[in-house]
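Rule-based calculations on the coordinates, nothing more; no lab input. Model, not experiment: these values are computed from the prediction. Heads up, the Cβs are rebuilt from the backbone with ideal geometry, glycines too, and the neighbour counts pull from every protein chain shown.
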Amino acid sequence: MRPLTEQEIRAAFVNCTKGEAKRLSVPRDLAERPWDDLDFLGWRDPQSPGRAYLATELDGRPLALAMRCPSSGVSQMRRSMCSLCMTSHTGGVSLMVAAKAGKAGQQGNSVGAYICSDLACSLYVRGKKDAGIGGRFHESLTLEEQNARTVANLSAFIASVTA
Ligand SMILES: [Zn+2]
């Protein structure tokens, strides 16, 4: 994807207030991120790991989500699959909960998705990051098709937040 600037990312949040978007933690090393290999940029707040964020560009428009991942010890050892990139991890997939955009979110409505805990989906699909034995099953889809599927899954998740 095209590299995004901190300003673009902060302006792209669809499900938090402008004040929150201004204050939340955006990675300082944006220039060093492997944008060419990313379908979206995902990160955790280093000060508060229960907060996760992702930013992408859909139809030429930057879009970002603020999410919470309630930490629970229950799923830690269970093997589960990321709903965006279809990578399986043992203990490496988290339920990420995004408040819905607008009024629905203010009323407490949210949507959740199981996503790679480190949000490195793009790198797992491309084989740039190792998901461990059995992490990626053999697929008949080409890499491009798998990347397109990640993007389609992500845009469906974003659509459910903004709906
Ligand atoms: Zn993933």
With Cα atoms, 0 to 90° folded angle of helix 143-162 axis to the chain main axis: 30
Which of P34, A52, Q7 sits closest to the plus end of the dipole of region 1-141, meaning its Cα is farthest towards the positive end, when Lys and Arg get +1 and Asp and Glu get -1 on the C-beta? A52
Cα centroid separation - region 79-114 against region 5-38, whole Å: 19
Would you mind calculating the relative contact order of region 81-163 from Cα pairs under 8 angstrom and at least 6 residues apart, reporting the percent as a whole number? 38
Would you mind computing, in nm to one decimal, how far apart the modelled labels at S48 and Q107 are, each placed 7 Å from Cα along Cα→Cβ? 2.6
Scan region 72-163 for GluC sites (Glu not before Pro) in coil per DSSP, keeping those whose Cβ has at most 15 other Cβ atoms within 10 Å, and list them by number. E139
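Count of lysine pairs in region 6-162 with Cα atoms under 28 Å apart, counting only pairs 8 or more residues apart in sequence or on different chains? Could you put the intermediate results ahead of the total?
Numbers: K18/K100; K18/K103; K22/K100; K22/K103.
Eligible lysine pairs with Cα atoms under 28 Å apart amount to 4.
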Ranked on Cβ counts within 10 Å of their own Cβ, fewest leading, T162, T56, T5 go T5, T162, T56
In terms of the charge dipole of the chain, which places +1 on Lys and Arg and -1 on Asp and Glu at the beta carbon, the residue among S140, N109, A152 farthest towards the positive end is N109
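If the viscosity is 0.890 mPa s and the temperature 25 °C, what Stokes-Einstein diffusion coefficient in µm²/s follows for region 31-163 when Rh is the Kirkwood radius over Cα pairs?
Details: Rh = 15.3 Å.
Diffusion coefficient, whole number: 161 µm²/s.
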Using the Cα centre as the reference, give the magnitude of the dipole from point charges on the C-beta atoms of the chain (Lys, Arg: +1; Asp, Glu: -1; all else neutral), rounded to the nearest 20 debye. 620
Which ³J(HN,Hα) values in Hz, rounded to whole numbers, follow from the phi angles of region 100-106 under the Karplus curve 6.51 cos²θ - 1.76 cosθ + 1.60, where θ = phi - 60° and Gly and Pro get x? 6, 5, x, 4, 4, x, 4
Pick from N147, N15, N109: which is most flexible by mean-square fluctuation in a GNM of the chain where alpha carbon atoms under 10 Å apart are linked? N109
Mean residue ellipticity (222 nm) of the chain, computed from DSSP H runs ≥ 4 via -39,500 (n - 2.57), nearest 500: -7000 deg cm²/dmol
